[in-house]
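Read through the structure below, which is laid out as structure tokens, and then see the notes.
The values are calculated or read from the model by the stated rules, or taken from the named source; none is laboratory data. All values reported here derive from a predicted model rather than from experimental measurement. Please note: Cβ atoms are built from the backbone with ideal geometry, for glycine as well, and neighbour counts cover all protein chains shown.
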Amino acid sequence: MMSNGLFITLEGIEGSGKTSHAAMLAERLRAQGRPVLLTHEPGATRAGQAIRAIFLDPAVSLQVVAELLLVLADRAQHVAETLKPALARGEIVISDRYADSTTAYQGYGRGFDLKLLGELNRLAADHLFPDLTILLDCAVETGLARTRLRTNAGDRGPDRFEGADLDFHRRVRNGFLTLAKNDAARVRVVNSERSREEVFADIMRLVDELVRQRWR
Ligand code: TYD
């Protein structure tokens, strides 16, 4: 890659625990004195916030291609405004979801042609791909149950994806696992159906390994 930073993404189905582990990882690395940028998709930029509102609203009907192009537009802004500048500053960038989510959700989940999707993903990502991707894997039933607890506690209904059927989520999970199998050096699977401490210990092991190999 052209940058000096490290780019780490967390991926997984709804309720797989990405968001809390991303926060814990950022905190741990900062405690080690490292410069960290914690970010997420969709919706991390100004344009992204507007895109996210349309993208997740189940009342807005979207063609598969429209759904795909929206999330890619979000990514193009994220890469240019947030990710590349932080990597150029030499930071460790942690993103809660990135291009693999598009392959899993819009490709495996919605059925968009994987080859064309791969090309569009490269276009939107401007050839920026992660140094390490941590795939938090759990059963669809486990993940959705966790998400439901969260939605019930708040005052909002399920978003476009949380409300999708079980088969959709199974295709997404299997899509992520296929990605991991096809790119085993980059995408590392961590079983997230264990205690938070056990899961986080595995994540830290992978990140320490990367930092030792690649950090100046
Ligand atoms: P979000 O509320 O950010 O929560 P979480 O990541 O914890 O599930 O939801 C983002 C949703 O957008 C999520 O259901 C997955 C979906 N998504 C895609 O379908 N394609 C993508 O490329 C990305 C980045 C997200």
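Kindly evaluate LEU56 against the criterion of being surrounded by fewer than 20 Cβ atoms within 10 Å (Cβ to Cβ), within 11 Å of the ligand (Cβ to nearest atom), over 30 Å from GLU209 (Cα atoms) and modelled with pLDDT of 95 or more.
Working: surrounded by fewer than 20 Cβ atoms within 10 Å (Cβ to Cβ): yes; within 11 Å of the ligand (Cβ to nearest atom): yes; over 30 Å from GLU209 (Cα atoms): yes; modelled with pLDDT of 95 or more: yes.
Against the criterion (surrounded by fewer than 20 Cβ atoms within 10 Å (Cβ to Cβ), within 11 Å of the ligand (Cβ to nearest atom), over 30 Å from GLU209 (Cα atoms) and modelled with pLDDT of 95 or more), LEU56 qualifies.
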* Counting only residues that are over 23 Å from ASN4 (Cβ atoms) and in contact (Cβ under 8 Å) with a residue 40 or more places away in the chain, how many does region 188-216 have? -> 8
* Quick check: anything in region 106-122 touching a residue at least 12 places away in the same chain (Cβ under 8 Å), near the ligand (Cβ under 10 Å from one of its atoms) and part of a loop (DSSP other than H, G, I, E, B)? -> yes
* To do: Please give the number of the condition LEU29 fails out of (1) in contact with a helix residue (DSSP H, G or I) (Cβ under 9 Å, 6 or more places away or on another chain); (2) surrounded by fewer than 19 Cβ atoms within 10 Å (Cβ to Cβ); (3) more than 22 Å from GLY157 (Cβ to Cβ).
  => (2)
* **Total residues in region 173-195, condition assigned to a helix (DSSP H, G or I) and over 10 Å from ASP137 (Cβ atoms)** => 6
* Structure fact -> Checked pairs for region 41-64, first touching a residue at least 60 places away in the same chain (Cβ under 8 Å), second of a type in the set (Lys, Arg) and surrounded by 13 or more Cβ atoms within 10 Å (Cβ to Cβ), C-beta under 6 Å and 6 or more apart or across chains, list as GLU41/ARG97; LEU56/ARG160; PRO58/ARG160
